1. Please quote Rg/Rh for the range 45-100 to two decimal places, taking the Kirkwood radius as Rh and restricting both calculations to Cα atoms.
2. How would you rank 115-122, 85-92, 187-194, highest first, on the average number of other Cβ atoms within 10 Å across their residues?
3. In nanometres, what is the gap between the two model label sites at Arg178 and Asp81, each 7 Å from Cα along Cα-to-Cβ?
4. Taking the Cα centre of the chain as the origin, how large is its charge dipole in debye, to the nearest 20, when only Lys and Arg (+1) and Asp and Glu (-1) carry charge on their Cβ atoms?
5. Just to check I understand the Karplus step: with θ = phi - 60° and J = 6.51 cos²θ - 1.76 cosθ + 1.60, what whole-Hz values come out for the range 296-307, glycine and proline as x?
6. Under 16 Å from the Cα of Lys332, which aspartates and glutamates turn up, not counting those fewer than eight places away in the same chain?
7. In nm², what is the average projected area of the convex hull enclosing the Cα atoms of the range 131-220?
8. Based on alpha-carbon centroids, what's the gap between the range 291-308 and the range 19-42 in Å, whole number please?
Amino acid sequence: NHRIRLGSRPHGEPTADDYLHDAVEVSSPAAGQVLLRTHYISLDPYVRGRMSSAKSYAAPMEVGDVIEGGTVSEVVESAADGFAPGDMVLSYGGWQEYSLESADGLRRLDPSVAPVTTALGVLGMPGFTAYAGLLAIGRPQPGETVAVAAATGPVGSAVGQIARIHGAKAVGIAGGERKVGQLREYGFDEALDHRAPDLPGRLAQATPDGIDVYFENVGGAVWDAVLPQLNTYARVPVCGLVSGYNSTSLPEGPDRSGQLMGTVLSKSLTLRGFIQLEFVSSMFEDFLRDMSGWVASGQVQHTEDITEGLDRAPEAFAGMLRGQNFGKALVKVS
Ligand code: NDP
C-alpha cells in the first residue's frame, strides 16, 4: 500500500519536503470493515488547514498521518454486511492506494446514475457547500445580484449557477482569461479576472445595482473590492478564505478592522461563517435531489481537473491552492 504522509508542518506553500512517501502491507478487514482500493482522491483547500497545528472545527493531522482526503474507492474485500467486492463507495481514505474503513461511514455510489467522480465535486461535499451556504445563508431573491470568487471551482461554479436558477444575477470572479471564458459558458451574467488591473473599478461597473449576496471563498484583495459594492442588508456566507491559507504573516497595515465594522454597521450587513457539516442533516437530501436534477438537465454544469498518479498529489494540491486547477481538482490513483 503506497501512501503519502505528512512529514512536517508546511511553512507557507507545502513543498515536496513536507511529505513522506512509503509503502506498507495491506491488512485484511476486521468484522464490520471493508478493504478499499482508491480510484480517485479529492483535493480540497481545507486540507491545508489540517496540515497546521492551529485548532479548528476539526483536529489537525499529526505529523506521520496519511494526508486526509475524500476518496472514491472500490471494495476489494468485505467483512461487513451489505458490501461486496466491486462496490464503489465514497469514503475518506486519504492519499493512499488502499484503506481499511468501517462500513458505517461509507456512501454507496451507483456508476449508472452519475459518474463516480461527481461524488467528490458537484454531487458531493463542494456542491453541497455551495447549495447550503447560498440557500440557507445567502437566500438570493429574484433580481438580486450574487457575487462569488474562485468561481470556476466546484464550490463557486455551483454557487453562481444555483443563484441563476433562483432568478438572481450571477457575477463570477476567477483568475485568468481561460477561467473567465468558462464562467461565460456556465451562464454567469458577468465574469471578471481578479488578476487583471483595477478589479474594484471593473467590479463596480459590472454591478451597477450593487451586490446583495457575496459568497466569500477567498478573502484578500477580492473582499476589498467587494465590500464597497455591498448593498444595505447584503448577506455574506463566509465559506472560505483561500487567498490566505498559505500565509505566514498578517497582511501589511494599516489595521482596517474598524472601517470594516463601520461598514457592517452602517449597511446592516450579515456576515455568517459556516462549515457545511452543520447543514447535512437538514439539507443533504434536498441537495442530492435538486442538484442531481440540475446536473441531468444541464442547468448546472461542472468541470473536473484530473491529475494522474498518487505521486503527483502534492504538486496538484499546491497548484490548486494557487489557482492552477481548472475545475474540481482530483487525483486518479488507479
Ligand atoms: P477551488 O477548486 O475553487 O480551488 C481554490 C481556488 O481559489 C483556486 O483555484 C483559485 O482560483 C482561488 N484562489 C486562490 N488564491 C486566490 C487569491 N489570492 N485570490 C482569489 N482567488 C484565489 O476550491 P473549492 O471550490 O474546493 O473551495 C472554494 C472555497 O470553499 C475554499 O475557500 C474552501 O476552503 C471553501 N470550502 C469551505 C467549506 C465549508 O464548509 N465552509 C467546504 C468546502 C470548501 P482562481 O484561479 O479563480 O483564482
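Coordinate-derived values only; no laboratory data. These numbers were taken from a predicted model, which means no experiment stands behind them. Here the Cβ positions follow ideal geometry from the backbone for every residue, glycine too, while neighbour counts run over all protein chains shown.
1. Reported Rg/Rh, Kirkwood definition of Rh: 1.08.
2. The densest-packed peptide leads the list: 115-122, 187-194, 85-92.
3. In this crude spin-label approximation the distance works out to 5.0 nm.
4. 780
5. Result, rounded to whole Hz: 5, 7, x, 6, 10, 9, 8, 9, 10, 10, 9, 9.
6. Result set, ordered by chain and number: Asp44, Glu68, Glu74, Glu97, Glu304, Asp305, Glu308, Asp311, Glu315.
7. Quarter of the Cα hull surface area: 5.1 nm².
8. 28
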